[in-house]
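Shown next, in structure tokens, is the structure this report addresses.
The values are calculated or read from the model by the stated rules, or taken from the named source; none is laboratory data. These numbers come from a predicted model, not from an experiment. Quick reminder, even Gly has a Cβ in these numbers, built from the backbone with ideal geometry, and neighbours come from all protein chains shown.
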Amino acid sequence: MQTRKLHLAKQFILETRKSITEIAFATGFNSIRRFNEAFKASYRMTPSMLRKTRGSNVKKGDGIILNLMVRKPYNFANVLSFLKRHAAGGIEKVGTHIYERYIPNEQSYATVAVTINKRQDALQVNLKGVKLHEVYPVLVKIRRLFDVDHNPVHLPEAPQIRQSGVRVPGSFDPFEVAVSIILGQLVSIKQAIQKLSELIQQFGLPIAGKAIYNFPAPSDLMDKEVEKIGITRTKADAIRTLSAQVHRHKLTFSYSADLEKTRKQLLSIKGVGPWTTEMIMMRCFGDVDAFPKSDLFIHRALEQNRADEAPWRTNRSYLTHFIWNEFANALS
């Protein structure tokens, strides 16, 4: 954890005009002395010495541009394509080469934009309106959303899949994604996105009078008539129950959660079946072995012997996305 904090501090020193003191506290150090000692032990120079090596091309303003290194191969296009198909309108926007998200703040909203930096084998993250002490938690969410920390070497011996650069997109806001997954049950992706947009506009909070929204909090949905957006009573009940459990801290979105206990808890919600549970486990809890086996394309791929599940146990989420990426057209 300290290594990651120091790496972020190094990026701030080289790529922003923020003071060393502000950088130290923003990256989680409680004293300048402790920060200087840790930094010098890791980089064999003080923060001030490193700053002197910085070029003169650092831009002024409130924008911060940072790079998150990724291990090759990394299929950024496939990740963007997945996020685009499931984008929450009014909250995020996904283009051919860029992911953008609006983040509410005290003034209005901040923005985060993610593109690929092929020269450095990295994701380039452009933050505007994000205060320095808020950068680290935003980067954690981006890392999970884009599966930055995955190492392809950990996948089973399957050269075709290893070289595909497959990743498992996570979530920036786990509650938002969990609700969207429930809305996506037994309907087309197009219908699911439409209902998600209607839910956001009906129950979300508009920001600065624009067509930009804050996703409704669990307390905003736990006792609302969600049916009014045109979904079944079963789905509405499932959203209300999930919202109530999250609001009352009976269900906490965490990558350190007990996965099997959480899986059983989700399955106990009326209207949340195996497919929904596995999708939520995959995207909201970082379960790399989540496997929505009842998914139409997954079922057909296994049935037609286009994929073998056995070698992939412990990593079946990656097999899932590989099947979706490679076989969707052939299996439709």
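Can you tell me which residues in the range 284-322 are surrounded by fewer than 16 Cβ atoms within 10 Å (Cβ to Cβ) and at positive phi?
Those that are surrounded by fewer than 16 Cβ atoms within 10 Å (Cβ to Cβ) and at positive phi: Asn305, Thr314.
Can you tell me which of Gln124, Gln163 is at pLDDT below 95 and either farther than 12 Å from Lys72 by Cα or out of contact with any helix residue (DSSP H, G or I) (no Cβ under 7 Å at 6 or more places or on another chain) (or both)?
Gln163
Determine the pairs where a residue that is modelled with pLDDT of 95 or more, located within the range 256-269, has a partner that is of a type outside the set (A, V, I, L, M, F, W, C) and assigned to a helix (DSSP H, G or I) with Cβ atoms under 8 Å apart, the partner being 6 or more residues away or on another chain.
Arg263/Thr277; Gln265/Gln245; Leu266/Thr276; Leu266/Thr277; Leu267/Pro274; Leu267/Thr277; Ile269/Thr241; Ile269/Gln245
Exactly one condition in (1) surrounded by 15 or more Cβ atoms within 10 Å (Cβ to Cβ); (2) touching a Phe, Trp or Tyr at 6+ places or on another chain (Cβ under 8 Å); (3) not in a helix (DSSP H, G or I) is not met by Ile161; state its number.
All conditions are met except number (3).
Taking the range 131-189, which residues are over 24 Å from Ala113 (Cα atoms) and not aliphatic (A, V, I, L, M)?
Pro152, His154, Pro156, Glu157, Pro159, Gln160, Arg162, Gln163, Ser164, Gly184, Gln185, Ser188
Sort out which residues of the range 242-280 are surrounded by fewer than 19 Cβ atoms within 10 Å (Cβ to Cβ) and assigned to a helix (DSSP H, G or I), and write them in order of number.
Ala244, Gln245, His247, Leu259, Glu260, Lys261, Lys264, Gln265, Leu267, Pro274, Trp275, listed by residue number.
Assuming Ile212 fulfils every condition listed in (1) surrounded by 15 or more Cβ atoms within 10 Å (Cβ to Cβ); (2) modelled with pLDDT of 95 or more apart from one, which condition is it?
Evaluating Ile212 over (1) surrounded by 15 or more Cβ atoms within 10 Å (Cβ to Cβ); (2) modelled with pLDDT of 95 or more leaves (2) as the failure.
Any residue at all in the range 216-236 that is in contact (Cβ under 8 Å) with a residue 60 or more places away in the chain and either in a helix (DSSP H, G or I) or surrounded by fewer than 19 Cβ atoms within 10 Å (Cβ to Cβ) (or both)?
Taking every residue of the range 216-236 in turn, none turns out to be in contact (Cβ under 8 Å) with a residue 60 or more places away in the chain and either in a helix (DSSP H, G or I) or surrounded by fewer than 19 Cβ atoms within 10 Å (Cβ to Cβ) (or both).
Of the residues that make up the range 99-106, is at least one at pLDDT 90 or above, in contact with a Leu (Cβ under 8 Å, 6 or more places away or on another chain), buried (at least 18 other Cβ atoms within 10 Å of the Cβ) and of a type in the set (A, V, I, L, M)?
For the range 99-106, residues at pLDDT 90 or above, in contact with a Leu (Cβ under 8 Å, 6 or more places away or on another chain), buried (at least 18 other Cβ atoms within 10 Å of the Cβ) and of a type in the set (A, V, I, L, M): absent.
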